[in-house]
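Participant: Sharing a structure here in structure tokens format.
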Amino acid sequence: MDRHNLFPLRVRERHDESQHDEFRAARTRGHRWVRQFGLRVLIDYADVQAVLTDHRFRTSGVDYLPKRGVTSGPLFEWRKIILSTQPPDIHRMLRALVSHSFTAEVLARLRVSVAEHTINDCTELGRADTADLVTTIFHRVPIKSLCDALGFSPSDLDRLDIVSTELGAMFGGVVPFTPDEIRRLDDAIVELTQLARKAIADRRSRPGPDVTTRLIAAADSFGLGEDRLAAIISNLVIGGHGITRALLSCTTYTLLGQPDRWRQLAADPGLAARTVEEANRLHCPAATLPYVAMRDLDVNGLRIERDELVLLSVLAANRDPAQFREPDRFDPDRSETRHLGMGGGPHYCIGAPVARVIAQETMATVASRFPDAELPDPTVPWTPISQLRAPAALRVCLGRVPAASTPR
Ligand code: HEM
């Protein structure tokens, strides 16, 4: 598997700013949805939020793989036991178990490890004048940090990176996989599960201040089997790696488009939290979420039939002028901050505390290390439409490294 082939699938259309033109045009005509891939795409904040929080809808996790040609095999079996595909009572129990494992101590250690990895990766760029931050720091820091926080062995980092990159390509999109893609995804999930089982065995014999050690204790008291536990851990790896890379890419793209903002963050790491939230609202890596109605329903007066798969455009909702003043403007100080970039309702991103620590710490560290960074060409390539929405590359002029640039 090619480590740097981050965006391998075959869909040619790409994300970019012009996606918003279609949403604006639809709103101007008074429409609440557009049609894409033959499906209805809801675009209003109120509708998207209503579906996310309505228990009569379910995520389309169960039918997602068959639609893409995966009807049996390791990936299919794995998908059946992960968080998002469970019935409500089991789902609630598993979520409680996972969120209790993200303790204050785990998050504090994570912050330190993210800063260290970021400094090291910045240093590795050496004296290069330019670098693509997506395939270097933004790809590597999240997986290194997850490897530490989840209690994997550092010697498994490179394999973890490779398989999670391969599997990350599976999220989003409705185009059927080729037989070769399915074989690669199956191989990757088998290997990731083996790595998770190894982490579980290691942490059983040598407990540590990590998520897996805490999950083991909780799983044992709930009588949860090893398969489930390995599925949860691998779910956290896949759910957390590519999307954090995407959020870092979106945040950097936004800030380098307004160099004053970049320099402000370089000087004041306290700005990182609001900056990352607002970049998530504006550019939204988790751009579209598929949900299925479990009976005939009425959503704010919109009729949705039983079994209809609707796409929720978080991307459009997060720029709904009925919810956000001047929605196309990057404004980290805006008062209305309830964006849907981490979802909402029962499936709200369980990894949000981890995501925020990694994104905030990486951004603050990179900006302080390269305060004069510039994006010479603002027309960056975006990811294919079937994948998480973000710049696929950010070739940045790094500028001077301040003499006093040491770990914060
Ligand atoms: C960095 C930015 C991140 C963004 C923008 C993000 C976004 C989201 C969104 C929108 C959902 C809801 C999906 C739905 O409603 O169907 C979600 C769910 C989820 N996320 Fe994240 N995520 C991020 C990071 C992470 C991290 C770091 C982890 C793991 C450590 C993670 C693990 C998960 C899992 C397991 C779910 C499924 C939750 C459930 O079904 O109950 N995410 N995420």
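The values are calculated or read from the model by the stated rules, or taken from the named source; none is laboratory data. None of these values were measured; they are calculated from a predicted model. We place every Cβ from the backbone using ideal geometry, glycine too, and count neighbours over all the protein chains shown.
Participant: Can you report the number of residues in segment 339-358 which are closer than 18 Å to His55 by Cα and either near the ligand (Cβ under 6 Å from one of its atoms) or assigned to a helix (DSSP H, G or I) (or both)?
Facilitator: Summing the residues that are closer than 18 Å to His55 by Cα and either near the ligand (Cβ under 6 Å from one of its atoms) or assigned to a helix (DSSP H, G or I) (or both) in segment 339-358 gives 7.
Participant: I would also like to ask the following. Asp161: more than 29 Å from Ala217 (Cβ to Cβ), within 20 Å of the chain's Cα centre (by Cα), surrounded by fewer than 23 Cβ atoms within 10 Å (Cβ to Cβ) and not polar (S, T, N, Q), yes or no?
Facilitator: no
Participant: Now for a separate question. List the number of the failed condition for Glu305; all other conditions in (1) away from the ligand (no atom under 12 Å from the Cβ); (2) within 13 Å of the chain's Cα centre (by Cα) hold.
Facilitator: Condition (2) is where Glu305 drops out.
Participant: Which number in (1) within 22 Å of the chain's Cα centre (by Cα); (2) more than 26 Å from Asp132 (Cβ to Cβ) marks the one condition that Leu297 misses?
Facilitator: Every listed condition holds for Leu297 apart from (1).
Participant: Within segment 64-88, track down each residue that is within 13 Å of the ligand (Cβ to nearest atom) and surrounded by fewer than 17 Cβ atoms within 10 Å (Cβ to Cβ).
Facilitator: Pro87, Pro88
Participant: Could you say which residue among Ala364, Ala359, Ala322 is at pLDDT 95 or above, buried (at least 19 other Cβ atoms within 10 Å of the Cβ) and more than 16 Å from the chain's Cα centre (by Cα)?
Facilitator: Ala364
Participant: Right, another one. Within segment 123-165, how many residues turn out to be in contact with a Cys (Cβ under 7 Å, 6 or more places away or on another chain) and outside any helix (DSSP H, G or I)?
Facilitator: Residues flagged as in contact with a Cys (Cβ under 7 Å, 6 or more places away or on another chain) and outside any helix (DSSP H, G or I) within segment 123-165 amount to 2.
Participant: While we're on this one: Based on what the data block shows, is Ala128 at pLDDT below 95, over 14 Å from Ser234 (Cα atoms) and touching a helix residue (DSSP H, G or I) at 6+ places or on another chain (Cβ under 6 Å)?
Facilitator: no
Participant: Could you tell me whether segment 316-327 includes any residue that is within 7 Å of the ligand (Cβ to nearest atom), closer than 30 Å to Leu110 by Cβ, in contact (Cβ under 8 Å) with a residue 40 or more places away in the chain and not in a loop (DSSP other than H, G, I, E, B)?
Facilitator: No.
Participant: I've got another one for you. Would it be correct to say that Thr103 is polar (S, T, N, Q) and under 19 Å from Thr251 (Cβ atoms)?
Facilitator: Details: polar (S, T, N, Q): yes; under 19 Å from Thr251 (Cβ atoms): no.
No: the conditions fail for Thr103.
Participant: Show me the helices (runs of 4 or more DSSP H) entirely contained within segment 202-290 in which 2 or more residues are buried (at least 20 other Cβ atoms within 10 Å of the Cβ) and within 14 Å of the ligand (Cβ to nearest atom).
Facilitator: Those helices (runs of 4 or more DSSP H) span 211-222, 226-256, 272-283.
Participant: What residue, among those in segment 44-53 that are surrounded by 17 or more Cβ atoms within 10 Å (Cβ to Cβ) and more than 11 Å from the ligand (Cβ to nearest atom), is nearest to His31 (Cα to Cα)? Before you say what the answer is, go through the steps one by one.
Facilitator: Step one: filter segment 44-53 for residues surrounded by 17 or more Cβ atoms within 10 Å (Cβ to Cβ), giving 44-45, 47-52.
The next check asks that each one be more than 11 Å from the ligand (Cβ to nearest atom); those that pass are 44-45, 47, 49-50.
On the way: Asp44: 9, Tyr45: 13, Asp47: 12, Gln49: 17, Ala50: 17 Å.
So the residue we want is Asp44.
Participant: Is it the case that Ala199 is surrounded by 20 or more Cβ atoms within 10 Å (Cβ to Cβ), more than 23 Å from Val106 (Cβ to Cβ), among the small types (Gly, Ala, Ser) and modelled with pLDDT of 95 or more?
Facilitator: No: the conditions fail for Ala199.
Participant: I've got another one for you. When you check Ser99 against the structure, is it within 12 Å of the ligand (Cβ to nearest atom), among the hydroxyl-bearing types (Ser, Thr, Tyr), in contact with a Gly (Cβ under 8 Å, 6 or more places away or on another chain) and at negative phi, yes or no?
Facilitator: No; evaluated as a whole, the condition is false for this residue.
Participant: What pairs can you find where one residue is in segment 95-117 and without any contact (Cβ under 8 Å) to a residue 60 or more places away in the chain, the other is in a helix (DSSP H, G or I) and surrounded by fewer than 19 Cβ atoms within 10 Å (Cβ to Cβ), and their Cβ atoms are less than 9 Å apart, with a gap of 6+ or different chains?
Facilitator: Once the first residue is without any contact (Cβ under 8 Å) to a residue 60 or more places away in the chain and sits in segment 95-117, its partners that are in a helix (DSSP H, G or I) and surrounded by fewer than 19 Cβ atoms within 10 Å (Cβ to Cβ) give Ala96/Ala218.
Participant: Would you confirm whether any residue within segment 362-379 is in contact (Cβ under 8 Å) with a residue 24 or more places away in the chain, away from the ligand (no atom under 12 Å from the Cβ) and farther than 14 Å from Thr252 by Cα?
Facilitator: The answer is no; no qualifying residue exists.
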